[in-house]
Amino acid sequence: MTFRNLSKVALCAWLLPLSMLLAADDNTTTTRKLHRPLVGFRVEYFPLRFFKIGTTTATTTSPAASYTYTATSNSPKFFVGPIVEYRWTSHVSFGTELHFHHVDYDQTTTLLSGTPPPNSSFDTRTKTTIVQDSKINYWELPLLAHYYGFRPSGRLSRAYLTGGVEYRHMGRIRTGNTYTYPDGTSDYNETPPAANRHNQFGAVVGVGMRFLDDFNVKLAPEVRYIRWFGTTLQGQAFQSAASQIEAGVGLSF
């Protein structure tokens with residue numbers, strides 16, 4: 001190898017690390033724009049009840065009795081909670097949130113003792129009423145991935161899909177049980193119902209739109225569907241809902 005060729009090789013060997021260093025500096029600048037966490041909050045609306053409710057009946061022959069179970073639920077519809085999102089690439093980000101709910105249900109049990117009178121339109125059996133009023137703490141932690149940029153321009157450029165899993169922990173259960181007997185006396189205790197499970201997982205899918213997004217500020221309306229696996233609480237006329245819909249707006253910085 002001649003001296004001239006050796007000099008060229010040496011020059012290339014020196015310039016290669018320098019060029020890689022300059023390129024790394026450009027990538028670092030881009031990375032700094034992308035690989036940064038966004039924090040903010042999300043306002044959520046829940047159109048569906050957290051418990052599936054209804055009215056059911058049952059009868060027994062020993063002892064002879066008829067039971068009617070009726071449940072109601074008035075859980076809150078709105079929630080505001082924190083969010084964190086990490087922008088991995090220009091198309092993909094990962095996020096998590098924290099939800100807290102005070103959910104509730106009431107179940108009224110009407111117990112008619114004895115055999116129904118066969119030839120009377122008026123039921124003369126003695127009646128016992130039991131009202132179970134429960135309030136439950138739900139903690140939820142969704143772990144989500146978002147895909148952005150279906151089109152480089154137009155409306156679809158702002159649309160994104162989201163999907164992932166959601167973890168739910170059922171915390172404290174506060175219950176009041178009121179008994180009213182046929183002789184007019186009553187009783188009360190605070191024994192909570194037995195839980196089917198305290199920890200639950202669900203699958204999440206959703207669609208949203210992003211606005212004001214320059215990797216520094218993001219306003220994102222979004223609709224999600226969650227399918228829960230298993231049941232947290234279940235009674236004769238109530239059951240924790242398997243389907244959940246969320247409609248909300250997130251603002252992150």
Worksheet entry | Whether the range 35-252 is rounded, prolate or oblate, judged on the alpha carbon gyration tensor where a/c under 1.5 counts as rounded | prolate
Response to the item:
residue 77 and residue 90 label points (each 7 Å along its Cα→Cβ direction) are spaced in nm at 4.1 nm
Worksheet entry | Zone of residue 227's modelled label, taken as backbone nitrogen in the range 172-213 under 16 Å from a point 7 Å along Cα→Cβ | 201-207
Practice prompt. Mind checking the full-extension length gain between residue 64 and residue 147? Use 0.36 nm per residue of separation minus the Cα-Cα distance, one decimal, nm.
Written response: 23.8 nm
Item to complete: Report the extension gain between residue 135 and residue 187 in nm, rounded to one decimal, defined as 0.36 nm multiplied by the number of residues separating them, less their alpha carbon distance.
Response: 16.7 nm
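Throughout, read-outs are computed from the coordinates displayed, never taken from laboratory work. In this text, all values refer to a predicted model and were calculated from it rather than measured experimentally. Neighbour counts run over all protein chains shown; Cβ positions are idealised from the backbone, glycine included.
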